[in-house]
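Here's the structure, in structure tokens; my notes come after.
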Amino acid sequence: MVKKILAYETSTNICSVAFQNQKGEIFEKRIQGRSVHSDNLFLFTQELMKEHDFKIEDLNAVLVSNGPGSYTGLRIAASAIKGILFGKDVDLFACNTLASFAMATGNNSEAIHSIIDARRNHVYHQEFKLNEELEIISEAKVIELTDLEDQIVSGYTLIGTGIDRISKKALENVQIYNDSFISAKSLIRLFHLKNHTDFCIRTHPEELNSNYISSSQVNNTKA
């Protein structure tokens, strides 16, 4: 049975809400910009509910991008979900943001580098391999841009935010997916993987603790 799923992506300056119906069709509301999450997250949810005639109680699962990412965006999503799911018997899954980015590439790749701009000269980074399943090659951590550039090899794939800060030489012959590819639809694709439990952890609204990028994480990398 195809599940009805609602997904939220707010880890960057993109606010995206996606809905999958029982036919497996996926629909999205999306906006990009500073401080867009608080004004649009509930609005997009209500618009999708009206356009596709469903209630929160009808859902089989709610997915939320759980970081790493910006404090503001992730906090707003966590707070909103606590309100949306209050008193509702709907499964909630907190999903690895960088893993969902990798799903947006939609290709088989030996190396997908998912990144989020982490201020100063750093990015939050995790590497994956995508075939029938998504395989973790490296753990998520904050690294310097120069360290990332050393890891990028011709033919590799790079997706996320902060790509414009990477040297042109390092990006030669690299397949690039910029922030226009970041979407809650990728969370749904991630959830459909056979090994989705490696990336989507079942939780409860009151226990939802997002993985923020903190100043200490940036400052604790090598100078």
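The values are calculated or read from the model by the stated rules, or taken from the named source; none is laboratory data. Everything numeric in this text was worked out from a predicted model, so none of it was measured. Note: ideal-geometry Cβ built from the backbone for every residue, glycine included; neighbour counts use all protein chains shown. Ligands, DNA and RNA are excluded from the accessible area calculation, which covers all protein heavy atoms including side chains. Shrake-Rupley method; radii C 1.70, N 1.55, O 1.52, S 1.80 Å.
Checking the a/c ratio against 1.5 first, then a/b against b/c, what shape does the Cα gyration tensor give for the chain?
Numbers: a/c = 1.93, a/b = 1.56, b/c = 1.24.
It comes out prolate by the Cα gyration axes.
Round to a whole number: what % of the accessible area of the stretch 37-152 belongs to carbon and sulfur, probe 1.4 Å? Working shown, then result.
Working: 2200 of 5030 Å².
Summing carbon and sulfur atoms, their accessible area is 44 percent of the total for the stretch 37-152.
I'd like to compare 154-163, 182-191, 35-44: which one has the highest average count of other Cβ atoms within 10 Å, and what's the full order after that?
Order by mean packing, descending: 182-191, 154-163, 35-44.
Taking only C-alpha pairs under 8 Å that are 6+ residues apart, what is the relative contact order of the chain in percent? Could you put the intermediate results ahead of the total?
Values: 471 pairs, mean separation 52.0, N = 223.
Reported relative contact order: 23 percent.
Listed highest first by mean packing, meaning other Cβ atoms within 10 Å per residue, what order do 202-210, 14-22, 117-125 come in?
14-22, 117-125, 202-210
Note the angle between two axes, namely the Cα long axis of helix 71-84 and the longest principal axis of the Cα atoms of the chain, as a number of degrees from 0 to 90, rounded to the nearest 10.
20 degrees
For the chain, with the dipole built from +1 on Lys and Arg beta-carbon atoms and -1 on Asp and Glu ones, taken about the Cα centre, which of Ile56, Thr12, His37 lies farthest toward the positive end?
Result: His37, furthest along the dipole toward the positive end.
Just the number please: accessible area per residue for the stretch 86-195, 1.4 Å probe, all protein chains included, in Å². The partial results should precede the final answer.
Numbers: 5090 Å² over 110 residues.
For the stretch 86-195, the per-residue accessible area is 46 Å².
Write down the percent of antiparallel bridges among all DSSP beta bridges whose residues are both part of the stretch 19-156, to the nearest 5. Show your work: numbers first, answer last.
Numbers: 16 of 21 bridges.
Of all bridge pairs located within the stretch 19-156, approximately 75 percent are antiparallel.
So for the stretch 83-223: antiparallel DSSP bridges make up what percent, rounded to the nearest 5? Kindly include the intermediate steps, with their values, before the conclusion.
Values: 18 of 25 bridges.
That works out to approximately 70 percent antiparallel.
Working from Cα positions, state the angle (0 to 90°, nearest 10) between the long axis of helix 37-52 and the longest principal axis of the chain.
50 degrees
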